[in-house]
Amino acid sequence: MSRHAEGLLEFDKLKEIVSGFTTCAPGRRVILSLAPQQNVSDLNSEFTLIREAVAYLRPGAEMGFGSLADPEPWLAQLPIPASILSSADLLDVASLMETVNGVRQVFKGETAKYPRLAESAAAFADFRHMLTAIRRAILPNGEISDDASPQLRRIRSGIAQARDKIQKSLESILRARGEPVGEDYITLRNDRFVIPVRAGDRRTVPGVVHAASATGQTVFVEPLEAIDLNNRLVQLSEEEIAEIARILAELTEQVRSDRGPLEAAAAGIARLDSVFARARFAREFDCTMPEFSAGNSLRLEAARNPVLEHTLRPQGRKAVPLTLALGGSETVMVISGPNTGGKTVALKNVGLAALAGQSAIPVAAECAELPLFDHVLADIGDEQSIAADLSTFSAHMLNLKSMLETATDRSLILVDEMGTGTAPEEGAALAVALLEEFRALLALTIATTHHDRLKAYASTTPGIVNAAMEFDEENLRPTYRLLVGVPGTSSGLEIARRLGLPSRVVDHARASLSPESREARDLIAYLHRSRDEMEEIKRQAREELAQLEAERRSLQTEWVERQKKRIAELEKNFDATQKRLESEVARLATDIKDRALRAQIEKQSGRRMGKIAGEARAGADAAVVDVLAASQPDLGVQAQRAAQPVEPSLLSAGQRVVVKGFKQPLLFRRHDGRSAEVEAGPMRMKVPLADVVGIESSAQPAKSVSANATRPRGVTVHVQPSDEPAAEEINVIGTTVEEATRRVDKFIDQAALAGKPAVRIIHGHGTGALRRGLAEFLSSHPLVEKIAYEKPDRGGEAITIAELKS
């Protein structure tokens, strides 16, 4: 990739923003070293890790390495053969080991939820043995512990004893001399214990003078009695220093022997920190993980420039999102529009998205599909150089010449204000010729222009798309929205009038325009009006569709409730009839005087009544299921191919089992030898034991269903909520408002039919458009009681809780 293009597109600023989300120096270095690559497997692997990190952070959890000391200084010493790490360095080594052990512990047993993160954590070496050795030898303040070695403990014990003897000896001398208060103390000079003596009394204390006071009136004498004791203390101190050096050397060698695993651990922690930094960046800027196309398809939906957004946020402003698509047979896009209308921002937005995606940085967009570019080439801004004797036009031409020599059919070319800096006719002609060259190369090219000739060329040439930065003609200000399919107007005369140029000057300029220019302007204005009308028609169609969908949901809900009441009433009547029959049989049996005969008749009648009741209930339930399946097929009841029943001895409470006639497994509760009690959400039913044909862990889904298979019999239906098990949470990050509302609508239907009291909708922070659109949709939803945001420690305004009507 071109470093020149990376500078123009402010890629380094993007990396600085992302690095601000790191928690340790190694992670920051990884982010700052990110560069575009073309290995799609490595990129997808990195984005998988980032997705898992986003999921890990979503509930409010964190993964930081702020306590980790930078391992780079002590790692640099290890290759030096005779080098010895200091106690502070070894504490930094221990810091890395503790960090690694912590990460291993966090993701232990989390393989199912975070497979790639758990795999990365499990790859770290186990440093517990070495960590124990360092912590036993070195105290947290960096001092060497007495427990570092038996020899050090012995030496320090001898030092303490020697000091005690010296103290007692010198105190005895001071008492014998009867020194006044203030002069009867013991101190150190040249690492030896001494006592103060007045200079005039020097000869009264035999010994060695080590120093004198500033005034010269006091000298510090080491009495002869203390010389041997001090010598012994000095010797022990030297032995202590030697033993400490030996301990540090021994620990250093242990660390050096594990240099490879330690370097791998440092690199692994740095990578993990960079992964979680990019996950935090994705959460903060509402980013998506890009998909890489095998061809040349480039598609961005609601893409924003994170560098611009980072600048605008402190001002309380937001970047206007950009949506465009390029690729296939259409490889060139010409963007026109007014000055300060956002054309250059659009170029940088696309280029930065490409560089970010190929550097394993999430793209600030709702959706991003990108090719793998071999070069991103850009010519943006004023390139004139007085020192090199280059005009603006010359600098642009040299840059475009270099781009033409470098570009391939896998390149992205971004050119700003093509054809400026020279005579308009010549500039436009050169711009057309260059675009023809880029088009012939099949390189994806986006160029901005003010030239009407380029707009006409884009309108009439196959493979080239016109686009315009929208301009509000009424308020005379840009909207920064990109309109694909129509050319834009420069609106220079309107802007000049708005800025206060006299009307006579503007009117004179307008009258001086050629007829062709006025016709082109009128045609472009007509195209814009037509587009606005089409957008209004589409908006109205969407509103009508939403209204029809709401009515459909209302009718569906009403139908389900009506069927539930009918079924409940039928079951109630059936139970009452059965009880009346049983009472009548019992009354008749009491009229029989013969006890044995009465008992026999009661037994036979009981069996007969049970059989009749079972057959009647089975017939009624089969009829109910037939009605449900015929009139409401999406309730989830469907015919199944005959299958072998499961052995009753293999069934146990809590299993999910496959039942004839149901698409999804049901929850098994118990069985009585003939029928099984199962649940699906709030629905509880009894089915014939023979209809239980599989257990979820071993059952394979049917590959086809016979249209003539018999429907399930003996099913006591209470309610059938949906054809899928209802979840309690849906993630719509990265979708448009329209797509999100459609998915959430279906999700709420399923949750309501399953009897869920509330659902969580994860939409992220982002620009807030998705959050507001969902709030507006949910507030008028017939199944939603009320909505609220999640608790701050569980996601806050990034998650909406919708309480459903009971």
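The values are calculated or read from the model by the stated rules, or taken from the named source; none is laboratory data. Every value quoted in this text rests on a predicted model; they were computed, and no experiment measured them. Every residue, glycine as well, gets a Cβ built from its backbone with ideal geometry; the counts of neighbours run over all protein chains shown. Keep in mind that these areas ignore ligands, DNA and RNA; they rest on the heavy atoms of the full protein, side chains included. Shrake-Rupley method; radii C 1.70, N 1.55, O 1.52, S 1.80 Å.
Determine whether the stretch 678-701 contains at least one residue that is open to solvent by less than 50 Å² (accessible area, probe 1.4 Å), part of a loop (DSSP other than H, G, I, E, B), at pLDDT 70 or above and closer than 29 Å to Lys564 by Cα. No, the stretch 678-701 contains no residue that is open to solvent by less than 50 Å² (accessible area, probe 1.4 Å), part of a loop (DSSP other than H, G, I, E, B), at pLDDT 70 or above and closer than 29 Å to Lys564 by Cα. A count restricted to the stretch 277-328 and to residues that are open to solvent by 20 Å² or more (accessible area, probe 1.4 Å), assigned to a loop (DSSP other than H, G, I, E, B) and touching a His at 6+ places or on another chain (Cβ under 9 Å) stands at 1. In the stretch 553-571, of all residues being of a type in the set (Lys, Arg) and open to solvent by 100 Å² or more (accessible area, probe 1.4 Å), the one that is farthest from Arg743 (Cα to Cα) corresponds to Arg566.
Scanning the stretch 781-805 for residues that are in contact with a helix residue (DSSP H, G or I) (Cβ under 8 Å, 6 or more places away or on another chain), open to solvent by 70 Å² or more (accessible area, probe 1.4 Å) and not in a helix (DSSP H, G or I) yields Tyr789, Lys805. Note on the stretch 402-456: residues that are assigned to a helix (DSSP H, G or I), of a type in the set (Gly, Ala, Ser) and within 14 Å of Glu330 (Cα to Cα) amount to 1.
How many of the residues in the stretch 81-117 are within 16 Å of Ala267 (Cα to Cα) and under 18 Å from the mean Cα position of the chain (by Cα)? Of the residues in that region, 1 qualify. Within the stretch 86-97, residues that are within 10 Å of Pro71 (Cβ to Cβ) and among the charged types (D, E, K, R) sit with their Cβ atoms under 7 Å from residues that are assigned to a helix (DSSP H, G or I) and open to solvent by less than 20 Å² (accessible area, probe 1.4 Å), at 6+ positions apart or across chains, in these pairs: Asp89/Trp74; Asp92/Trp74.
Okay, residues lined up against (1) part of a helix (DSSP H, G or I); (2) aliphatic (A, V, I, L, M); (3) touching a residue at least 60 places away in the same chain (Cβ under 8 Å):
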{"site": "Ala176", "(1), (2), (3)": "yes, yes, no"}
{"site": "Pro196", "(1), (2), (3)": "no, no, no"}
{"site": "Ala211", "(1), (2), (3)": "no, yes, no"}
{"site": "Glu238", "(1), (2), (3)": "yes, no, no"}
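Filtering the stretch 220-254 to residues that are surrounded by fewer than 20 Cβ atoms within 10 Å (Cβ to Cβ), over 60 Å from the mean Cα position of the chain (by Cα) and β-branched (Val, Ile, Thr) leaves Ile227, Val234. If you scan the stretch 547-567, which residues turn out to be touching a residue at least 24 places away in the same chain (Cβ under 8 Å) and either hydrophobic (A, V, I, L, M, F, W, C) or outside any helix (DSSP H, G or I) (or both)? Listed by number, the residues that qualify are Ala550, Trp559, Val560, Ile567.
Yes/no matrix, rows are residues, columns are (1) of a type in the set (Lys, Arg); (2) closer than 17 Å to Arg439 by Cβ; (3) open to solvent by 50 Å² or more (accessible area, probe 1.4 Å); (4) modelled with pLDDT under 85:
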{"residue": "Ile380", "(1), (2), (3), (4)": "no, no, no, no"}
{"residue": "Leu390", "(1), (2), (3), (4)": "no, no, yes, yes"}
{"residue": "Asn399", "(1), (2), (3), (4)": "no, no, no, no"}
{"residue": "Arg410", "(1), (2), (3), (4)": "yes, yes, yes, no"}
{"residue": "Val415", "(1), (2), (3), (4)": "no, yes, no, no"}
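Among the residues of the stretch 428-450 satisfying the criterion of being out of contact with any Phe, Trp or Tyr (no Cβ under 8 Å at 6 or more places or on another chain), over 29 Å from Pro36 (Cβ atoms) and without any contact (Cβ under 8 Å) to a residue 60 or more places away in the chain, which is least open to solvent (accessible area, probe 1.4 Å)? Looking at the filtered set, the residue picked out is Ala428. The condition of being within 21 Å of the chain's Cα centre (by Cα) and farther than 30 Å from Ile80 by Cβ does not hold for Asp273. In the stretch 132-142, is there at least one residue being farther than 17 Å from Glu238 by Cα, in contact with an Asp or Glu (Cβ under 8 Å, 6 or more places away or on another chain) and not aromatic (Phe, Trp, Tyr)? Checked the stretch 132-142: at least one residue is farther than 17 Å from Glu238 by Cα, in contact with an Asp or Glu (Cβ under 8 Å, 6 or more places away or on another chain) and not aromatic (Phe, Trp, Tyr). The helices (runs of 4 or more DSSP H) located wholly in the stretch 9-117 that include 2 or more residues which are acidic (Asp, Glu) and surrounded by 16 or more Cβ atoms within 10 Å (Cβ to Cβ) occupy 40-57, 87-106.
Table: residues versus (1) within 60 Å of the chain's Cα centre (by Cα); (2) acidic (Asp, Glu).
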{"position": "Pro150", "(1), (2)": "yes, no"}
{"position": "Ser157", "(1), (2)": "yes, no"}
{"position": "Gln167", "(1), (2)": "no, no"}
{"position": "Glu171", "(1), (2)": "no, yes"}
{"position": "Ala176", "(1), (2)": "no, no"}
{"position": "Asn190", "(1), (2)": "no, no"}
{"position": "Pro196", "(1), (2)": "no, no"}
{"position": "Val209", "(1), (2)": "no, no"}
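Scanning the stretch 123-175 for residues that are basic (Lys, Arg) and either open to solvent by 80 Å² or more (accessible area, probe 1.4 Å) or in contact with a Cys (Cβ under 8 Å, 6 or more places away or on another chain) (or both) yields Arg128, Arg135, Arg136, Arg153, Arg154, Arg163, Lys165, Lys168, Arg175. If the condition is being open to solvent by 50 Å² or more (accessible area, probe 1.4 Å) and under 22 Å from Phe285 (Cα atoms), then the stretch 738-775 contributes Glu738, Glu739, His765, Arg772.
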